[in-house]
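Structure record follows, encoded as structure tokens.
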Amino acid sequence: MIQEENFEHILAKKYMRTELLPHAFCSGCGIGIIERMILMAFEELGEEEWKRTAFVSGIGCSGWTPLYFRSDVAHTLHGRALPFAIGLKLAKPELNVIVVMGDGDSMAIGGNHLIHAARRNIGLTAIIVTNMVYSLTGGQMAPTTPEGAITQTTPYGNIEPNFDLIELMKAAGATYLARWTTYHVIQAKNSIKKAVKHKGFSVVEIISQCPTFMGRYVLNKSDPRDIMQWFKENSIPVSVAATKSPEELKGKIIVGEFLHKPEVMEYTERLKLLKERVGRR
Amino acid sequence: MSAARVRQIAVSDKLCKACYLCIWACPWGVLEIKEERNWRGIKKPYAARIEQCRACKLCELYCPDFAIQVIVDEEEERKILEVEESYERKWFDRLKKRDEIISKGVWWL
């Protein structure tokens, strides 16, 4: 029998800084499940890939996600995780650079960096943790908050329509797009695996629960089990959603793999070609 | 339908934060909440009906804190102890080496 006093899961023992555990997230937070998705993906990709991987993260609860990994991590400014990651990728094109950002980090303050990274099609993997409010600072309205939700800064209901990240990224020119919730662990793991192997700019949006603020303000239920049940009942796969009318899809989460274009040329390859063309001989 | 023989469902005292997502995820009703609190003041779940466990490992999948693991047989138990030896030891040796270098007065490492 194994002692339960200081027990840790085998994935945590292999890939995480166990002296920092238990981590700082609230009870039932979805970021722990997202950490598990990333680690499971790398368990299948192998140790070689893990050694060639560097993580970059911004500010917010989601910015703490890679800090628990035994890997190279840069914890950067608010909204500026992508510029740091682009610099890292340009300096060492052979690295897998994974950027973990929250919705405020990527869509609100860092929105411009996101669309221009997608336009350049640079080989980063952006894992975007969406929880529909600014949770670190106490539940203020975010660009992803659904219309009508009561938050701390919108006490009479949100009057703004919310962002659809997938449509935005499609228009900006990203070449791999997927969206899952924390309920779909295996599917999200497969998507992350594909995104790491994919050469261009890939975005995996994961809708995560925040029982403390998103549960309280947006969904009116603060038990993580209830929020998981809500994800289970309200998510629709892309193929099924294509057959339904917009009225039926209101308030639902469309999940699945939206786009995969491996043939578009990546930015560092273009840069290499340019160097060959105009470089000194 | 007969269930698989499961040796142990280990729930960590150190890591469990009592969100009970494992109980929500379990389709067979294996886990239940313990009455007494542990040293961190948490009523952690325990395997009340371990003979019902089919080792589907959904509780592991949905645990955000890496606190629960289904240990099917001795083979798996051996693997866990092996990982502890090889990975943990290596990491702590590296930390120790770094501390030694810092104590010599090299501040940038």
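No value in this document is a laboratory result; all are computed from the given coordinates. For clarity, every value in this text was computed on a predicted model and none was experimentally measured. In this analysis, Cβ positions are derived from the backbone assuming ideal geometry, glycine residues included, and neighbour counts consider all displayed protein chains.
Which Cys residues of chain B have no other Cys beta carbon under 4.7 Å away?
By the Cβ distance rule, which asks for a partner under 4.7 Å, the isolated cysteines are B:Cys16, B:Cys19, B:Cys26, B:Cys53, B:Cys56, B:Cys63.
Pop a pseudo-label 7 angstrom from the Cα along the beta-carbon direction at both A:Asn234 and A:Glu5 and give the gap in nm to one decimal.
4.5
To the nearest Å, what is the center-to-center distance of region A:31-96 and region B:45-109, using C-alpha atoms only?
20
From other protein chains only, count the Cβ atoms within 10 Å of every residue's Cβ in A:29-38, then give the mean. Intermediate values should be presented prior to the final figure.
Details: counts 4, 3, 1, 10, 6, 1, 3, 7, 1, 0.
Mean inter-chain Cβ contacts per residue within 10 Å come to 4.
Order these by the 10 Å Cβ neighbour count, fewest first: A:Met132, A:Met40.
A:Met40, A:Met132
Which peptide among B:30-39, A:116-125 comes first, and what is the full order, when sorted by highest mean count of other Cβ atoms within 10 Å? Kindly include the intermediate steps, with their values, before the conclusion.
On the way: B:30-39: 13.9, A:116-125: 21.9.
The packing order, highest mean first, is A:116-125, B:30-39.
Within region A:133-208, which GluC sites (Glu not before Pro) sit in a loop by DSSP and count at most 13 neighbouring Cβ atoms inside 10 Å? Walk me through the numbers before you get to the answer.
On the way: sites: A:Glu147, A:Glu167, A:Glu205; in loops: A:Glu147.
Of the GluC sites (Glu not before Pro), the ones in loops of region A:133-208 whose Cβ has at most 13 other Cβ atoms within 10 Å are A:Glu147.
With a ≥ b ≥ c the root eigenvalues of the C-alpha gyration tensor of region A:141-281, is it rounded (a/c under 1.5), prolate (a/b larger than b/c) or oblate?
Details: a/c = 2.38, a/b = 2.01, b/c = 1.18.
Verdict is prolate for region A:141-281.
Between A:Glu247 and A:Thr137, what is the FRET efficiency for a Förster distance of 41 Å, r being their Cβ-Cβ separation, to the nearest 0.05?
After rounding to 0.05, the efficiency reads 0.75.
Using the structure shown, list the pairs from A:Lys197/A:Lys252; A:Lys13/A:Lys89; A:Lys14/A:Lys51 with a Cα-Cα distance above 18 Å, or answer none. All intermediate terms of the calculation are to be shown ahead of the outcome.
Numbers: A:Lys197/A:Lys252 30 Å; A:Lys13/A:Lys89 29 Å; A:Lys14/A:Lys51 13 Å.
Over 18 Å Cα-Cα: A:Lys197/A:Lys252; A:Lys13/A:Lys89.
When the chain is fully extended, how far beyond the present Cα-Cα distance does B:Glu35 get from B:Lys96, taking 0.36 nm per residue of separation?
17.9 nm
Please name which of A:Thr153, A:Ala174, A:Phe231 has its Cα lying farthest along the dipole of region A:25-278 towards the positive end, using unit charges on Cβ (Lys, Arg +1; Asp, Glu -1) and the Cα centre as origin.
A:Ala174
Where the only charges are on Cβ atoms (+1 Lys, Arg; -1 Asp, Glu), what is the dipole of region A:1-82 about its Cα centre, to the nearest 20 debye? Intermediate values should be presented prior to the final figure.
On the way: 8 positive and 11 negative charges, 66 e Å.
Approximately 320 debye in magnitude.
Among rounded, prolate and oblate, which fits chain A when a ≥ b ≥ c are the square roots of the eigenvalues of its C-alpha gyration tensor, a/c under 1.5 means rounded, and a/b larger than b/c means prolate? Working shown, then result.
Numbers: a/c = 1.67, a/b = 1.21, b/c = 1.38.
Oblate.
Where the only charges are on Cβ atoms (+1 Lys, Arg; -1 Asp, Glu), what is the dipole of the protein assembly as shown about its Cα centre, to the nearest 20 debye?
Computed charge dipole of the protein assembly as shown: roughly 1280 debye.
At what distance in nm do the modelled label points of B:Lys57 and A:Leu274 sit from each other, each positioned 7 Å from its Cα along Cα→Cβ?
It works out to 4.6 nm between the two label points.
With 10 angstrom as the radius, rank B:Asp73, B:Asp13 by how many other C-beta atoms surround their C-beta, starting from the fewest. Display every interim value, and only then the final one.
Values: B:Asp73 13, B:Asp13 16.
Ordered from fewest to most neighbouring Cβ atoms within 10 Å, B:Asp73, B:Asp13 come out as B:Asp73, B:Asp13.
Would you please classify the overall shape of chain B from the alpha carbon gyration tensor, given that a ≥ b ≥ c denote the square roots of the eigenvalues, rounded means a/c under 1.5, and beyond that prolate means a/b larger than b/c while oblate covers the rest? Intermediate values should be presented prior to the final figure.
Numbers: a/c = 3.35, a/b = 1.99, b/c = 1.69.
Here chain B falls in the prolate category.
For the pair A:Glu49/A:Ile150, report the inter-label distance in nm, with labels modelled 7 Å from Cα in the Cβ direction.
4.6
Quick check for me: using +1 on Lys/Arg Cβ and -1 on Asp/Glu Cβ, what's the dipole size of region B:1-72 about its Cα centre, in debye to the nearest 20?
Values: 12 positive and 7 negative charges, 19 e Å.
Rounded to the nearest 20 debye, it is 100 debye.
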